[in-house]
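Structure record follows, encoded as structure tokens.
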């Protein structure tokens with residue numbers, strides 16, 4: 001039985017009832033995890049499955065196709081993260097023209113009360129849903145009183161210094177290269193995972209073979225970074241990575257290119273996770289490949305130095 005579903009309409013998925021939480025869940029930060037933990041606890045108390053609902057594409061991506069908001073994570077990572085956080089089922093709902101015309105009331109009747117037999121519904125602060133964002137916690141509570149479920153929202157989550165956790169703040173920290181700040185809001189280091197795909201192999205000809213990960217969304221950061229590679233060995237592997245559209249070689253779709261130091265081997269098809277440690281510089285266009293290669297050598301040396309110092313601190 002698949003634990004992932006995509007459609008609002010269809011047969012009953014949880015006939016004995018469920019506890020449902022709804023959100024964008026981009027990045028799965030500390031606020032998202034608090035919502036998921038609360039829903040998981042309530043589901044365990046009631047003895048029913050916990051269902052996490054999100055949307056793909058995100059609503060703002062659908063309504064702003066020419067200037068979509070940056071994404072912290074890709075759909076696969078979001079689904080995997082929701083399942084790891086305790087969801088028994090994940091609804092990655094197709095956000096399309098039909099979804100935009102669906103009223104909040106129909107969403108509740110068809111999906112929450114119908115397919116999921118919801119007994120409780122939980123949302124984050126300020127969450128809205130349905131046509132023209134007509135649904136909120138008050139609507140859920142009013143309809144739930146008639147349909148047999150309760151609803152509520154959790155309070156915003158704040159860091160120790162009082163800052164409210166939000167995806168917007170994480171995107172701003174990443175854009176500024178402040179990974180320590182992003183880590184405080186996420187509750188973990190920022191990383192991007194994916195399967196290694198074949199590129200143009202230009203890096204190999206320049207002496208810098210790379211493992212390439214596609215990112216078919218608007219990324220929250222771009223530039224050259226010191227990075228750790230996870231999923232290759234038990235310990236993270238040091239690397240220098242370029243993330244962006246590769247202006248010197250006329251790239252288009254964002255691509256994460258990681259050069260693993262002192263590594264030789266075939267990585268195609270492997271699923272790796274790239275952890276960002278420090279930003280070295282912005283992307284820039286060079287006057288030819290010789291200038292690009294010289295800068296890549298400087299980037300690699302700087303990344304080696306930074307990662308060596310970090311590893312020393314971690315083991316000291």
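For segment 1-113, the mean projected area of the C-alpha convex hull, equal to one quarter of the hull surface, is 7.3 nm². Please report the base-10 log of the normalised intensity I(q)/I(0) for segment 117-235, using a Debye sum with one equal scatterer per alpha carbon and no solvent, at each q in 0.12, 0.15 (1/Å). Taking Cα atoms of segment 117-235 as identical point scatterers yields -0.73, -0.91.
Compared with the dominant Cα axis of the chain, that is its longest principal axis, helix 30-46 is turned about 40°.
Of all DSSP beta bridges confined to the chain, the antiparallel ones make up roughly 60%. The structure-derived value of semi-axes √(5λ) of the Cα gyration tensor in Å appears in the list (1) 42, 24, 16; (2) 32, 23, 19; (3) 41, 20, 18 under the label (3).
Computed over segment 122-182, the Cα gyration tensor eigenvalues convert (square root of 5λ each) into semi-axes of 33, 14, 7 Å, ordered from largest to smallest. Relative to the longest principal axis of the Cα atoms of the chain, the long axis of helix 289-315 lies at roughly 70 degrees. Averaging the Cα positions of each part gives two centres, and for segment 109-143 and segment 1-37 these lie 12 Å apart. Its relative contact order, with pairs defined as Cα atoms under 8 Å and 6+ residues apart, puts the chain at 16 percent.
Sequence gap at least 6, Cα distance under 8 Å: using those rules, report the relative contact order of segment 4-153 to the nearest whole percent. Normalised by residue count, the contact order of segment 4-153 is 32 percent. Estimated from helical segments only, the mean residue ellipticity of the chain at 222 nm is -9500 deg cm²/dmol, where each DSSP H run of four or more residues counts as -39500 (n - 2.57). Students often get this wrong: which residues of segment 17-42 have the backbone nitrogen under 14 Å from the point 7 angstrom along Cα-to-C-beta of residue 158? Under 14 Å, as judged by backbone N against the label point of residue 158, lies no residue of segment 17-42.
Only the coordinates and a few stated rules stand behind these numbers; no lab work does. A quick note: this is a predicted structure, and the numbers were derived from the prediction, not measured. Glycine gets a Cβ as well: all are built from the backbone with ideal geometry, and neighbour counts include every protein chain shown.
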